[in-house]
Amino acid sequence: MVDLTLVDLPGMTKVAVGDQPADIEAQIEKLVYRFISSENSLILAVSPANADFANSDAIKAARKVDPSGDRTLAVLTKLDIMDTGTDATEVLSGGVIPVKLGIIGVVNRSQKDIKERKSIAKAKADEAAYLQANYPELAYRNGTTYLAKQLSQVANGLTGELST
């Protein structure tokens, strides 16, 4: 068992809504950089596939503190809701923004799936089927199951180098 701490940081907010402070963007940016700047941090840069990956706030932040990509693993979510006719092969292959720990595509459960209590097992099976149908040459190294294995492998490999 690897001794790690997972910190789920908020997304990069651009506009204050409701009772959020007017400087919410600056506050969140400061918080994010405080955590990801540490050389002991593994950066999981999560970006939606239905947005421009090259302009992703998560990738931009990761590249700022980890320009070589040594500590960054990118996750491309929402592969199943990309515009019709678009394809994430180039991004998933590292052709757009290379990161040394890889780019892993996943298909999330929708809000409808959650409300209808779609099981995690069924969601994983559906994700695997989607990946096989749409990215057959890359399906073996994408999906939430592969992401979990890759994170564990990376964490195990890094623990000898990280200070506590």
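See the values below:
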| quantity | calculated |
| --- | --- |
| The chain - mean residue ellipticity at 222 nm from DSSP helices (-39,500 (n - 2.57) per run, n ≥ 4, rounded to 500) | -11000 deg cm²/dmol |
| Greater than 24 Å apart at Cα, pairs in Lys60/Lys112; Lys14/Lys115; Lys60/Lys115; Lys14/Lys60; Lys115/Lys149; Lys14/Lys122 | Lys60/Lys112; Lys14/Lys115; Lys60/Lys115; Lys115/Lys149; Lys14/Lys122 |
| Accessible area (Å², 1.4 Å probe, nearest 10) - Asp80 | 70 Å² |
| Debye intensity ratio I(q)/I(0), log10, the chain, q values 0.15 Å⁻¹ (C-alpha model) | -0.93 |
| Relative packing of 88-95, 59-66, which averages over residues the other C-beta atoms within 10 Å, highest first | 59-66, 88-95 |
| Qualifying aspartates and glutamates (Cα of each under 18 Å from Cα of Lys78; at least 8 residues distant if same chain) | Asp52, Asp57, Asp87, Glu90, Asp113, Asp126, Glu127 |
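The values are calculated or read from the model by the stated rules, or taken from the named source; none is laboratory data. All figures in this text were calculated on a predicted structure; none of them were measured in a lab. All Cβ positions, glycine included, derive from the backbone under ideal geometry; neighbour counts span all protein chains shown. Side chains are part of the model used for accessible areas, which takes the heavy atoms of the whole protein and leaves out ligands, DNA and RNA. Shrake-Rupley method; radii C 1.70, N 1.55, O 1.52, S 1.80 Å.
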